[in-house]
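One structure below.
The values are calculated or read from the model by the stated rules, or taken from the named source; none is laboratory data. Quantities reported herein were computed from a predicted structural model and do not represent experimental measurements. Here Cβ is always computed from backbone atoms with ideal geometry, including for glycine, and neighbour counts include all displayed protein chains.
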Amino acid sequence: MLRLLWILLLLPVVELVLTVALYNRYGTPFLGFLLLGAVLGAALIGRAKASLRATLVSLQQGDMRVVNGSLWSLLAGARSLFAGALLMFPGVLSDVLALVVLLLPGKWLAGRAGVGPKAANDDVIDVEFREVREEYRLPRDK
């Protein structure tokens, strides 16, 4: 626990030292890189919020297409929110960490953990039901 606290305390210091060093080396283009990261992070957060909101609304309405993959959808949205927050945080280490989070094979990891959508199963039959009224039925042969 103490080790985690030290890592959390040292991360901003390392970010600051690295940011100052890279600014001294590259100058204004580096600030453009940081600004671009913040803008992309804000856009990513906006898209993730919209995706999470749509998933939650579909779950509330009982949409069965969403229910099967709902946990994966929620985890993917949370991952995008986390990566967007890291992109908005000024610094190179947080941007690299955000890219790692975004590029992780999420479906593969979720499938290995038993969370994601499952592969097709021969035991499942997908059908539609339609009621046929009595007046539309053909007379049966006796």
Counting only residues that are free of Cβ contacts under 8 Å to residues at least 24 places away in the same chain, within 18 Å of Asp95 (Cβ to Cβ) and either of a type in the set (S, T, N, Q) or in contact with a Pro (Cβ under 8 Å, 6 or more places away or on another chain) (or both), how many does segment 25-65 have? 1
Of all the residues that make up segment 1-25, how many are farther than 15 Å from Leu86 by Cβ and touching a helix residue (DSSP H, G or I) at 6+ places or on another chain (Cβ under 8 Å)? 2
Can Leu40 be described as closer than 30 Å to Val127 by Cβ and in contact with a helix residue (DSSP H, G or I) (Cβ under 7 Å, 6 or more places away or on another chain)? no
Condition check for Ala119: at pLDDT below 80 and either of a type outside the set (A, V, I, L, M) or part of a helix (DSSP H, G or I) (or both): no
Run down Leu22, Leu2, Leu35, Leu11 and say which single residue is closer than 20 Å to Leu97 by Cβ, more than 23 Å from the chain's Cα centre (by Cα) and surrounded by fewer than 16 Cβ atoms within 10 Å (Cβ to Cβ). Leu11
